[in-house]
Amino acid sequence: MRASRLLRDHARRGHPSAFIPPPLRVMVAMVKQTRKPGDALRGELRLHEPMARHTSWRAGGTAERAYSPADLADLREFLRGVPAGEPVHMVGLGSNLLVRDGGLRGTVIFTHPALGAMRLGGAGAGASEGEIYAETGVASPRVARFAALHGLAGAEFLAGIPGTVGGALAMNAGCFGGEAWDIVARAETVDRSGALHTRTPADYEIAYRHVMLKEEGGRKKAEGIHPSEEWFVAAYFRLRAGDAEESRRKIKELLRRRIATQPLNQPNAGSVFRNPQRDYAARLIEACGLKGRTIGGAQISGKHANFVVNLGSARAADIEALIELAENAVREKFGIALEREVRIVGET
Ligand SMILES: Cc1cc2nc3c(=O)[nH]c(=O)nc-3n(C[C@H](O)[C@H](O)[C@H](O)COP(=O)(O)OP(=O)(O)OC[C@H]3O[C@@H](n4cnc5c(N)ncnc54)[C@H](O)[C@@H]3O)c2cc1C
């Protein structure tokens, strides 16, 4: 694939950091390393894939192997061939993820854009509620817009979360009073053998930015990027009948507030820490005098202290050092242990 086309594709995919093109040398290396993993598979397997290309922080190390499936059937086929014990990391738009500079062992699988189907389901016209089926590679803001278009209310908050449906399910992502699992009727998952499962919210422990499959008959939970041996492949969102115009107005207002308060013109991964009960991580970090503090190429944002931004040349180690600095300062000054919302994986 020509480098110019790669660039265009990257921008079209709407990645939160699409405004920063990957360096040319990375794109050329990517093309060289592209190869087909086997006859039965239709996706692309790449070796030593730079994860800075796939994370909104635009920093970090490489993945040993990276697979972009062609579709859900291809993903299932691929999983069947992954050797037992090999770590598997499902990645959406990488908007909540930092891969350390030493890289990530095992195989990363990208759900976006392959798992991209979305359609209306459930009740017909005139019903008081309706369903949207979305595969987990669909960007969450697309679900918000699709729901508004079809006069379904309750998904507007997803417009402010620049990840995939899979990431929103894994994180129980939320903002402006809404959380992903508030509107999930059921989810479909795939396991390492490629088998599909239908899950309901009752199958999970669900809390603020926390989702964990409950132990099922002693089923082993894998270490690593996702706590279970299952990954989300689709969700059914149950939404109430609403007013398309009102939903569009809410989305516009939500985005206006985000632009006003968040450093969206610099690579970041949203809020680094969960808010402690009855307080705000940003307030605590700011009170420690850390707003604007820089380490290497990373900075605690001067606009929002719970955001760490990449000034252009940050290594993952710079970002992690700032995160540790904030944790230590808040613990010392307030006796509060901040909990990380962002997922940090890989080797130093
Ligand atoms: C500017 C900005 C603003 C943000 N604002 C918010 C906000 O308001 N509220 C909020 O909650 N978050 C926010 N975030 C964080 C982030 O967008 C969300 O957590 C989002 O849901 C992550 O989705 P993703 O596809 O990017 O996931 P990734 O970053 O790719 O992955 C995050 C985690 O989810 C797991 N995962 C991804 N896909 C799957 C899958 N299919 N099955 C199982 N596990 C999976 C990954 O393994 C990883 O552990 C913001 C981020 C940015 C950059």
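Neighbours of Gln277 by Cβ distance under 15 Å: Lys/Arg scored +1, Asp/Glu scored -1, total +1.
Along the axis of the charge dipole computed for the range 118-259 (Cβ charges of +1 for Lys and Arg, -1 for Asp and Glu, origin at the Cα centre), the listed residues His150, Gly160, Tyr208 are led at the positive end by Gly160. Among rounded, prolate and oblate, which fits the range 132-180 when a ≥ b ≥ c are the square roots of the eigenvalues of its C-alpha gyration tensor, a/c under 1.5 means rounded, and a/b larger than b/c means prolate? Oblate. In terms of other Cβ atoms within 10 Å, Phe146, Phe273 run from fewest to most in the order Phe146, Phe273. In terms of other Cβ atoms within 10 Å, Lys252, Lys303 run from fewest to most in the order Lys252, Lys303. Dividing the convex hull volume of the alpha carbon atoms of the range 62-214 by its residue count gives 123 Å³ per residue. Listed by chain and number, the aspartates and glutamates whose alpha-carbon sits under 17 Å from that of Lys303, ignoring those within fewer than 8 places in the same chain, are Glu286.
Shown for Trp57, Trp181: other C-beta atoms within 10 Å of each C-beta, ranked fewest to most, produce the order Trp181, Trp57.
Taking square-rooted eigenvalues a ≥ b ≥ c of the alpha carbon gyration tensor, is the range 265-345 rounded, prolate or oblate, where a/c under 1.5 means rounded and, failing that, a/b exceeding b/c means prolate? Taking the square roots of the gyration eigenvalues as a ≥ b ≥ c, the range 265-345 is prolate. As a length-normalised measure over Cα pairs under 8 Å and 6 or more apart, the relative contact order of the range 265-345 settles at 35 percent.
Every number in this text was worked out from the coordinates using simple rules, so none of it is lab data. Since the structure is predicted, the reported quantities are computational estimates derived from the model, not experimental observations. Using ideal geometry, Cβ is built from the backbone for each residue, glycine included, and neighbour counts are taken over all protein chains shown.
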